[in-house]
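The values are calculated or read from the model by the stated rules, or taken from the named source; none is laboratory data. These figures come from a predicted structure and were not determined experimentally. Glycine also receives a Cβ, built like all others from the backbone with ideal geometry; neighbour counts cover every protein chain displayed.
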Amino acid sequence: MVSKTSSHPSEPIGNRPTSKLSRFWSYARHDLSVYWLTLRVQLRAAAMLRGAFITQVLGMILNNICFLGSWLFFFYHFGTVNGWSGTDFIGMMGMNALVFGLVFMFVVGLMDIPRHVDTGSLDSFLTKPNSVLSNLASSNVDVTTFGDLVFGVSLVTWYAVHIDASIGAILLFLIAMASACVVFFCFAALLPNILAFYVFDSEKLSRYAGILFLDAGLYPSGVLSGALRTILLVAVPSLLFAATPIDVIRGLHWEWVGLGALVAAFWLAFTLWLFKRALRKYESANLIGAR
Amino acid sequence: MTASEAITKSRLHAYWKVMMMSAREDRANPLRIAGSVGLGVVRMILIAAIYKVAYELTHTTALPYENAIWSMGLYFAFIVGLSVRNVFRLIEKDVKDGNVEVSLIKPLDWRAVKICQQIGKNLLEFSVLVVAFFATLAIVVGFPDISHFSPVFIGGYLLIMLLAILSASAMFLMVGLTAFWLNDSQSVYRIVDRTIMVFGGSFVPIALLPGAVQDVLRYSPVGVYGASTQLFNPGLVKYLIPTLIASAAWSVVLLFFCQLVWRRAERRIEVNGG
């Protein structure tokens, strides 16, 4: 049930808050409460198949270990490359899994946007009296993200202890992680799926675009320098969600934290603006169905 | 032509038709193909850039830089692009939707149809990917050293590729069939697929793996699939015959186990009617 304290947008106009700011907060509170309730229902449904739930979580942890293993062979062969060793790569993979798990645990429903747009099932999201984005985000859960989260937290903790990180570095790291989550949300979750409003049958294309962004962060791209590094920091900021936080924790690079926050703020504003604009292009399919 | 020969020929023709019909799905959306191929190319450029830094700083001689990148290109074109592995998705979908019982009454083998559908679906994308990778890698990293190429080597390699498709099909059919017990075979798929990714030459060519790992891989089912990415590894010349024998042996073993799992799975099929 929706909290009684939140002002429902469908309430009589007389009962709604009058000032712009309080209206914004009341809508945000209402949207968040609905979002949270929907997500909890989805989680309960996913956890019902206990066997599948556990195997999926463990499967994802194993999957990540395999990915880590494949690149560790790279460092085994080449040793330290441009200041990056196998240990740093372990930390980077942990960071990557942590951000992936954190973001997709809460917004994996956005990955279904192409299917909703192509089949016309987006109609049912548009008719609800709360934010389309939060509605879509909570429409699905992926239990494997728990595996990512566990894996990520374990590796990052191990790395921080291993390099004997200071409190200041950890604090800066946490800020860098927040920027990383925002950048990841924009580039892996929302931007590729907005394509669905412009290109028919774009599910695979969106997936590839997301994977490419993810790949660039998963590879030891921290070893890169020059133009490619600049591109990966600003235009397709993959480095921001994996390599940069590791650079921050091992060297207190506050300037990277500042750049990360700026880039994240820009891309978040742009992504949300584009989503709003793209949504206008959607044409209803007159789909009839029960939800 | 005898009656059995005629039946076999018509069946093969039917499987071919299934493959070509699936290939039409790809043709209907050229933008999607262009997009995924473009992204594949960018991915290769990124890997090539990372390896360039590593090669420049360490001066490794185990495998020429060009050959290393072309080997990984082959992995992404053949294993990722052709995606025989994704046959598990088609199997899993049919199991979940309850379409298996409907498919079983048809005159064509359900599993073979799924393999044909999977290969057909990615055939065009695979072909475009091969051309795009060839052009990109030729420009970005240059041509690989192919001094080890000979008619026998090429013939043996093509046979390894065919056996790799066969063993991968059997392997991933088994993965898909686990949906009969687990409901969701994604986790099993991940384990098998990622093991292939680590040891199949995705991010680190097999020739750059530690010697002991290479020795074990050569005779394992994972290595058999990965051997299909070793065209540009001069070291394969020395092990061509053992690799071929291992590929043939694992194909037989995996097909046998696939049949065994299928027999068990068949017992769990329930006809819903309606």
Region A:180-245: helices (runs of 4 or more DSSP H) wholly inside it with 2 or more residues that are farther than 23 Å from residue A:138 by Cα are A:203-218, A:227-233
TODO: Check region A:247-255 and report whether any residue there is crowded, with 24+ Cβ neighbours inside 10 Å and at pLDDT 80 or above.
DONE: yes
Checked against (1) on the phi < 0 side of the Ramachandran plot; (2) more than 14 Å from chain B (Cβ to nearest Cβ), residue A:164 satisfies every condition except (1)
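For region B:213-222, enumerate the residues that are within 14 Å of another protein chain (Cβ to nearest Cβ) and farther than 13 Å from residue B:171 by Cα.
B:213, B:214, B:216, B:217
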Within region B:19-42, the count of residues that are touching a Lys or Arg at 6+ places or on another chain (Cβ under 8 Å) and more than 7 Å from chain A (Cβ to nearest Cβ) comes to 4
Counting only residues that are in contact (Cβ under 8 Å) with a residue 40 or more places away in the chain and at the interface with chain B (Cβ under 9 Å from one of its Cβ atoms), region A:54-67 contains a total of 9
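In region B:139-155, what count of residues is obtained for those that are in a helix (DSSP H, G or I) and touching a residue at least 60 places away in the same chain (Cβ under 8 Å)? Write out each step before concluding.
Within region B:139-155, the subset in a helix (DSSP H, G or I) is B:139-140, B:151-155.
Still in the running and touching a residue at least 60 places away in the same chain (Cβ under 8 Å): B:140, B:152-153.
Within region B:139-155, residues that are in a helix (DSSP H, G or I) and touching a residue at least 60 places away in the same chain (Cβ under 8 Å) number 3.
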Taking region B:179-225 and keeping residues touching an Asp or Glu at 6+ places or on another chain (Cβ under 7 Å) and in a helix (DSSP H, G or I) leaves B:179
Reported set for region A:84-101 where residues are touching a residue at least 24 places away in the same chain (Cβ under 8 Å) and surrounded by fewer than 21 Cβ atoms within 10 Å (Cβ to Cβ) is A:87, A:90
For region A:37-59, state whether one or more residues are closer than 30 Å to residue B:50 by Cα and modelled with pLDDT under 80.
yes
If we keep only residues of region A:20-32 that are surrounded by fewer than 18 Cβ atoms within 10 Å (Cβ to Cβ) and either under 16 Å from residue A:130 (Cβ atoms) or modelled with pLDDT of 80 or more (or both), then the residue nearest to the other protein chains (Cβ to nearest Cβ) is A:32
Taking first residues from region B:179-194 that are within 15 Å of residue B:83 (Cβ to Cβ) and second residues anywhere that are assigned to a loop (DSSP other than H, G, I, E, B) and not acidic (Asp, Glu), the pairs with Cβ under 6 Å that are 6 or more apart or on different chains are none
Picked from region B:48-72 (must be at pLDDT 85 or above and facing chain A (nearest Cβ under 7 Å)), the residue surrounded by the fewest Cβ atoms within 10 Å (Cβ to Cβ) is B:53
By residue number, the members of region A:185-195 that are in contact with a Pro (Cβ under 8 Å, 6 or more places away or on another chain) and either of a type in the set (Val, Ile, Thr) or surrounded by 24 or more Cβ atoms within 10 Å (Cβ to Cβ) (or both) are A:187, A:193
Being away from every other protein chain (no Cβ under 11 Å), in contact (Cβ under 8 Å) with a residue 60 or more places away in the chain and β-branched (Val, Ile, Thr) narrows B:79, B:115, B:45 down to just B:79
Only unsatisfied item for residue A:159, checking (1) within 14 Å of chain B (Cβ to nearest Cβ); (2) at pLDDT 90 or above; (3) more than 22 Å from residue B:186 (Cβ to Cβ), is (1)
Checked region B:8-33 for anything within 25 Å of residue A:211 (Cα to Cα) and touching a residue at least 60 places away in the same chain (Cβ under 8 Å); matches are B:22, B:23, B:25, B:26, B:27, B:33
Counting only residues that are at the interface with chain B (Cβ under 7 Å from one of its Cβ atoms) and either touching a residue at least 60 places away in the same chain (Cβ under 8 Å) or closer than 16 Å to residue B:182 by Cα (or both), region A:68-77 contains a total of 2
Subset of region A:136-156, residues among the polar types (S, T, N, Q), surrounded by 20 or more Cβ atoms within 10 Å (Cβ to Cβ) and at pLDDT 90 or above, comes to none
When every residue in region A:213-237 that is at the interface with another protein chain (Cβ under 7 Å from one of its Cβ atoms) and buried (at least 22 other Cβ atoms within 10 Å of the Cβ) is compared, the one modelled with the lowest pLDDT is A:221
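Would you call residue B:158 part of a helix (DSSP H, G or I) and under 16 Å from the mean Cα position of the chain (by Cα)? Please lay out each step first, then the result.
Values: part of a helix (DSSP H, G or I): yes; under 16 Å from the mean Cα position of the chain (by Cα): yes.
It is true that residue B:158 is part of a helix (DSSP H, G or I) and under 16 Å from the mean Cα position of the chain (by Cα).
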Within region B:171-178, is there a residue that is assigned to a loop (DSSP other than H, G, I, E, B), surrounded by fewer than 17 Cβ atoms within 10 Å (Cβ to Cβ) and within 11 Å of chain A (Cβ to nearest Cβ)?
no
